[in-house]
Amino acid sequence: MKRFFVFVLMSGIVLFSCQNNKDETTTMNVLLNDFATPYGVPPFGEINESDYLPSIKEAIKQHATEIDVLVANTEKPTFENTILALDQSGELLDKITSVFFNLNSANTNDNMQAIARDISPILTQHQDNILLNPELFKRVKAIYDQRESLGFDAEQLRVVEKYYKDFERNGANLSDEDQVKLRALNEELAKASLQFGQNLLAETNKNFKLVIENKDDLAGLSDDVISRAATEDGKWIFTLDKPSMIPFLQFAENRDLREKLYRGYFMRGDNDNEFDNKKEIQKIVKFRDERAKLLGFKNHAEYVIDVNMAKTPEAVYDFLMKLWDPALKMAKQDVKDMQAIIDKEGGNFKLASWDWWYYSEKLRKELFNLDESEIKPYFSLENAKNGIFYVANKLYGITFTPNAGIPVYHKEVTAYEVKEADGSHIGVLYMDFHPRDGKRPGAWQTSFREQSYKDGKKISPVVSIVMNFTRPVGDSPALLSFDEVSTLFHEFGHSLHALFTDGPYKRTAGNVPRDFVELPSQIMENWCAEPEVMKVYAKHYKTGEPIPDELIDKLVKSGKFNQGFITGEYVAASLLDMDYHTIEHPDIADVRAFEKAAMDKIGLIPEFLPRYRSTYFSHIFAGGYSAGYYVYYWAAVLDTDAFNAFKESGDLFNPEYAAKFRELLTKCGSDEGMNVYTKFRGQEPSIEPYLKKKGLK
């Protein structure tokens, strides 16, 4: 999933800052100078935490000066002196905030989080100062109003329209009084969202650990899972990081401990302690609703989805219910089948949410004779990396070469130089795989520097993908579940989008609707699951033997298994997101009661929870996916249809389609999402192929 920093406009773009005026004070701060490193990557080892706040204040000051100069121009507004000047502003501020907020997600500490709390309101105020600058908006509007008669090419026309829309959607047409209200709402939202994320990090990494002292309580767990949990004092620790938690939920025979661990997970942010997120949710929902109404929208969801492919909240609800109904039906049947296993084994209890992984694993073995312990030896992390590089090379001819001379922000991070088939430089890719204190949970892709142009020269991207995969232990490498392999392919797909993006304007290059942005990532998951591809990269970590056809066949046949749960928990979370952001009465007195009512309304069964309960739903309360969590499955419809183009051609690496899809990745910001997609595919997608693929129809 692509990262969006705190300094993100409500429209989803970022404004930047770009001067390098230096004095004796600033020259000592490496962040304010050009990075004298290979490919201009951040010099991580030279950055002091004390550099961030003063450098950001200086960069804001320089950016404000740039805007003042732009506004003070007495010449008639033109594309060059207004739109292009605005688009090219902000280089310095972008450079510094990219470093800070990426590290605050992947390698933070208490001091960094304190700095983030200081920075957030400053950046929000600066953002508002630009978007609510009446004289700047007057210049942009003058060009927008005459755009059809000024002879713009398609790229120029699009960037003009995008900037005008940004100002409009961020309050430029409001009265002075309402702009004051908007500024206050933006500042409160920034603080509440930041606090939500920091609370969740504390609850995940600090507040809960399952400590086991009796070896009998490890029954059912594999040797590699046990060894990874072992401590030097003869105990075993399991955490809320999914590489630690999921194997325990899948295989640990001790039901009480499964419940304890899972309860620790699903109660994060809901423990009525100093890290409780219910009050932050109340504030965020209320302020978002007030802001949307102030801007002329019925609710926050209408505001967000207005610029997405879906266009309306009603279309999103309709889409989600087409998935929910068959998923719920399938999940109910799975409950019956798992309960039958419990009864057969003499269990005197009813299936509960902390039992789902354990008994679905038993059911999978019963139906397909497939045990995850058979699969993992073929999916070492190194093998999975070979797989993503193989697919990228076969499709696009590009290569990935480790480069130890490129600075990294943590010793576990590896830097790769990415090159075209002819050896020319594309960009730098960082890979950061394992959980640690100071890294937020989940997986994501981000950029330390996005593609741009300066003085006619292309500036190459610096991209990063961050995971939380199981660590290697002793002689055993990091062994991944097939879901984790899919996650790696997914985030790698985002990185290809960032690496291939090429456009003349920052505002439009690579910038796509939120419900389009997961297409480049999710299509990669299709290659990961193809037998032809698995035979190349899935090799036993001890013997080097490729995964046998029999095991591939089991994997393929089980591909539709458990989709009632997988799809159901996702759609439940998406509907919860939509309910929060289409709310009629934004003063939520009881977050737990609101969540329960939302889930009762759709008939969620007690045997599983939404993928994210409210208090740890960081995608929507601390990230960029509010009223937009639905986008993963919206994009799944697109990626299924897009991959079918390769499948139908009889060549998974069809060079014609590969070239067309790379063109989509390269130029996808130059037009509306559906237009870009149909240009690649020649048709609009249908939901039917996806439903069939997942066994939901």
Quickly run through segment 518-535 and pick out the residues that are in contact with a Cys (Cβ under 9 Å, 6 or more places away or on another chain) and either closer than 30 Å to Tyr317 by Cα or surrounded by fewer than 23 Cβ atoms within 10 Å (Cβ to Cβ) (or both). Leu519, Pro520
With a cut-off of at least 3 residues that are of a type in the set (A, V, I, L, M), out of contact with any Cys (no Cβ under 6 Å at 6 or more places or on another chain) and closer than 30 Å to Glu672 by Cβ, name the helices (runs of 4 or more DSSP H) lying wholly within segment 309-407. 313-344, 381-396
Could you list, in sequence order, all residues of segment 570-620 that are out of contact with any helix residue (DSSP H, G or I) (no Cβ under 7 Å at 6 or more places or on another chain) and at pLDDT below 95? Glu584, His585
Can you tell me how many residues in segment 46-56 are within 17 Å of Asn111 (Cβ to Cβ) and open to solvent by 50 Å² or more (accessible area, probe 1.4 Å)? 4
Between a residue in segment 483-496 that is in contact (Cβ under 8 Å) with a residue 12 or more places away in the chain and any residue that is surrounded by fewer than 24 Cβ atoms within 10 Å (Cβ to Cβ) and of a type in the set (Gly, Ala, Ser), which pairs come within a Cβ distance under 6 Å, given they are 6 or more apart or on different chains? Thr487/Ala443; Glu491/Ala443
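A quick yes/no check of all residues on (1) among the hydrophobic types (A, V, I, L, M, F, W, C); (2) farther than 30 Å from Lys298 by Cβ; (3) surrounded by 14 or more Cβ atoms within 10 Å (Cβ to Cβ); (4) modelled with pLDDT under 95:
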{"position": "Pro313", "(1), (2), (3), (4)": "no, no, yes, no"}
{"position": "Ala331", "(1), (2), (3), (4)": "yes, yes, yes, no"}
{"position": "Asp334", "(1), (2), (3), (4)": "no, yes, yes, no"}
{"position": "Gly346", "(1), (2), (3), (4)": "no, yes, no, no"}
{"position": "Leu370", "(1), (2), (3), (4)": "yes, yes, yes, yes"}
{"position": "Ser380", "(1), (2), (3), (4)": "no, yes, yes, no"}
Yes or no: Leu261 among the aliphatic types (A, V, I, L, M), more than 23 Å from the chain's Cα centre (by Cα), at pLDDT 95 or above and open to solvent by less than 10 Å² (accessible area, probe 1.4 Å)? yes
Would you mind listing the helices (runs of 4 or more DSSP H) fully within segment 556-638 where at least 2 residues are closer than 30 Å to Lys365 by Cα and within 16 Å of the chain's Cα centre (by Cα)? 563-581
Phe275 being part of a loop (DSSP other than H, G, I, E, B), hydrophobic (A, V, I, L, M, F, W, C) and open to solvent by 20 Å² or more (accessible area, probe 1.4 Å): yes
Quick check on segment 87-116: of everything there that is open to solvent by 10 Å² or more (accessible area, probe 1.4 Å) and more than 22 Å from the chain's Cα centre (by Cα), which residue is farthest from Arg440 (Cα to Cα)? Gln88
Quick check: is even one residue across segment 641-658 closer than 22 Å to Val304 by Cα, among the polar types (S, T, N, Q) and not in a helix (DSSP H, G or I)? no
For segment 651-697, enumerate the residues that are modelled with pLDDT of 95 or more, open to solvent by 70 Å² or more (accessible area, probe 1.4 Å) and not charged (D, E, K, R). Pro655
Filtered residues of segment 122-155 (kept if assigned to a helix (DSSP H, G or I), open to solvent by less than 80 Å² (accessible area, probe 1.4 Å) and within 18 Å of Gln62 (Cα to Cα)): Ile122, Leu123, Thr124, His126, Gln127, Asp128, Asn129, Ile130, Leu131, Leu136
Note on Ser486: of the conditions (1) polar (S, T, N, Q); (2) within 27 Å of Phe653 (Cβ to Cβ); (3) assigned to a loop (DSSP other than H, G, I, E, B), unmet is (3)
How many residues does segment 459-483 hold that are modelled with pLDDT under 95, part of a strand (DSSP E or B) and open to solvent by 20 Å² or more (accessible area, probe 1.4 Å)? 2
Scope segment 208-229; condition of a type in the set (A, V, I, L, M, F, W, C), touching a residue at least 40 places away in the same chain (Cβ under 8 Å) and either in a loop (DSSP other than H, G, I, E, B) or within 19 Å of Lys376 (Cβ to Cβ) (or both); matching residues: Phe208
So, first residue within 17 Å of Asn129 (Cβ to Cβ) and touching a residue at least 12 places away in the same chain (Cβ under 8 Å) in segment 163-181, second residue open to solvent by 10 Å² or more (accessible area, probe 1.4 Å) and not in a loop (DSSP other than H, G, I, E, B), Cβ within less than 6 Å, six or more apart or across chains; the pairs are Phe167/Phe137; Gly171/Gln179; Ala172/Phe137; Asp178/Leu294
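For every residue, the table says whether it meets (1) touching a residue at least 24 places away in the same chain (Cβ under 8 Å); (2) over 23 Å from Arg158 (Cα atoms).
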position: Tyr632; (1), (2): yes, yes
position: Val637; (1), (2): yes, yes
position: Lys660; (1), (2): no, no
position: Lys667; (1), (2): yes, no
position: Met674; (1), (2): yes, no
position: Phe680; (1), (2): yes, no
position: Ser686; (1), (2): yes, yes
position: Leu696; (1), (2): yes, yes
Residues located in segment 210-245, provided they are open to solvent by 70 Å² or more (accessible area, probe 1.4 Å) and closer than 19 Å to Gly442 by Cβ: Lys242
Taking segment 278-308 as the search range and keeping residues that are open to solvent by less than 30 Å² (accessible area, probe 1.4 Å) and among the small types (Gly, Ala, Ser), which one is nearest to Tyr677 (Cα to Cα)? Ala301
Subset of segment 71-86, residues out of contact with any Lys or Arg (no Cβ under 9 Å at 6 or more places or on another chain) and surrounded by fewer than 15 Cβ atoms within 10 Å (Cβ to Cβ), comes to Ala72, Thr74, Glu75, Lys76, Glu80
Is one or more of the residues making up segment 665-677 under 26 Å from Leu576 (Cα atoms) and either out of contact with any helix residue (DSSP H, G or I) (no Cβ under 8 Å at 6 or more places or on another chain) or of a type in the set (Asp, Glu) (or both)? yes
Residues of segment 17-36 being under 28 Å from the mean Cα position of the chain (by Cα), buried (at least 18 other Cβ atoms within 10 Å of the Cβ) and either at pLDDT 95 or above or in a loop (DSSP other than H, G, I, E, B) (or both), which ones? Leu31, Phe35
Out of Phe287, Phe297, Phe275, Phe319, report the one residue that is without any contact (Cβ under 8 Å) to a residue 24 or more places away in the chain, within 28 Å of the chain's Cα centre (by Cα) and at negative phi. Phe297
One residue is enough: does segment 192-203 have a residue meeting the conditions touching a helix residue (DSSP H, G or I) at 6+ places or on another chain (Cβ under 6 Å) and open to solvent by 40 Å² or more (accessible area, probe 1.4 Å)? yes
How many residues does segment 418-433 contain that are touching a residue at least 40 places away in the same chain (Cβ under 8 Å) and open to solvent by 20 Å² or more (accessible area, probe 1.4 Å)? 1
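The values are calculated or read from the model by the stated rules, or taken from the named source; none is laboratory data. The structure displayed is predicted, hence computed values, not measured ones. As a convention, Cβ positions derive from the backbone with ideal geometry for all residues, glycine included, and neighbour counts pool all protein chains shown. Each accessible area value is taken on the protein alone, full model and side chains, heavy atoms only, with ligands, DNA and RNA left out. Shrake-Rupley method; radii C 1.70, N 1.55, O 1.52, S 1.80 Å.
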